[in-house]
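Everything below concerns the one structure shown next.
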Amino acid sequence: MQAEEFSKFNIKVVALSKDTPEEATIHKNRDHLSIQLLSDAKLKVIRQYGVEHHKAFGFETDSFKIFGVPLSLKPSFKAMAIPTTLLIDEEGIIRWIDQADDYRLRSNNERVMSAVQTVFG
């Protein structure tokens, strides 16, 4: 996303994930991000926005490996946030939402900027 384009509309970009504050700091430093990264490790805000995703496959902590392949008697689905882009106005009202069906995909910059033009232009 283009910071210059957002600044024209006085838009502040904030990212929220279930990462711990430490993981968010590592991510921010590793990827040289200038946006604010917020931690929601217990998914409280993510659940309030209704963007919790239950399809990420994981294993209980008692998993073990055979030939390097993780196995567990208790496979599980771990909760995470669905990649979602929200445009929220200064009063906290959601004006636009874009949500991916695939947790690996993020909003397209062109689509977001079109929505910014429509909502805030």
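Can you tell me which residues in segment 11-28 are touching a residue at least 24 places away in the same chain (Cβ under 8 Å) and assigned to a loop (DSSP other than H, G, I, E, B)?
11, 12, 18
State all residues of segment 98-121 that are assigned to a helix (DSSP H, G or I) and not β-branched (Val, Ile, Thr); if no residue qualifies, say none.
109, 110, 111, 113, 114, 115, 117, 120
May I ask you to verify whether residue 120 is among the hydrophobic types (A, V, I, L, M, F, W, C), touching a strand residue (DSSP E or B) at 6+ places or on another chain (Cβ under 9 Å) and modelled with pLDDT under 70? Break it down stepwise before answering.
Values: among the hydrophobic types (A, V, I, L, M, F, W, C): yes; touching a strand residue (DSSP E or B) at 6+ places or on another chain (Cβ under 9 Å): yes; modelled with pLDDT under 70: no.
Here the answer is no, as residue 120 does not meet what is asked.
Are there any pairs with C-beta distances below 9 angstrom linking a residue in segment 95-114 that is in contact (Cβ under 8 Å) with a residue 12 or more places away in the chain to a residue that is of a type in the set (Lys, Arg), with the two at least 6 apart or on different chains, and if so which?
Hits for this filter: 98/111; 100/106; 103/55.
Select from segment 1-38 the residues that are out of contact with any strand residue (DSSP E or B) (no Cβ under 7 Å at 6 or more places or on another chain), under 19 Å from residue 86 (Cα atoms) and hydroxyl-bearing (Ser, Thr, Tyr) and list them in ascending order.
7, 34
The values are calculated or read from the model by the stated rules, or taken from the named source; none is laboratory data. Treat the numbers as computed from the prediction; the structure is a model and nothing was measured. Methodologically, a virtual Cβ is constructed for each residue, glycine included, from the backbone with ideal geometry; neighbour enumeration extends over all protein chains shown.
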